[in-house]
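The next block holds one structure in the form of structure tokens; read it before the comments.
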């Protein structure tokens, strides 16, 4: 059961990361004093989401491009 659910769970994780990025950027616009830190955090999370999305094992074409830790 767990093996069949991981693509859906990964989709949910990616959606959560991307929603968080949007909210952090929105808060950065409302809080100029914190903008630098919030934008930095948003950039880091956006990079993480992009990395996860690009290296999804269920959508791989080249087996040697898979990052370590994915089964």
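A compact table of results
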| read-out | value |
| --- | --- |
| Matching residues, the range 1-43, being in a loop (DSSP other than H, G, I, E, B) and surrounded by 13 or more Cβ atoms within 10 Å (Cβ to Cβ) | 34 |
| Long-range neighbours under 8 Å by Cβ, at least six apart or interchain, first residue at pLDDT 85 or above within the range 1-15, second not in a helix (DSSP H, G or I) | 7/56; 10/56 |
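The values are calculated or read from the model by the stated rules, or taken from the named source; none is laboratory data. All values reported here derive from a predicted model rather than from experimental measurement. Because the Cβ atoms are built from the backbone with ideal geometry, glycine has one as well, and the counts that use them run over all protein chains shown.
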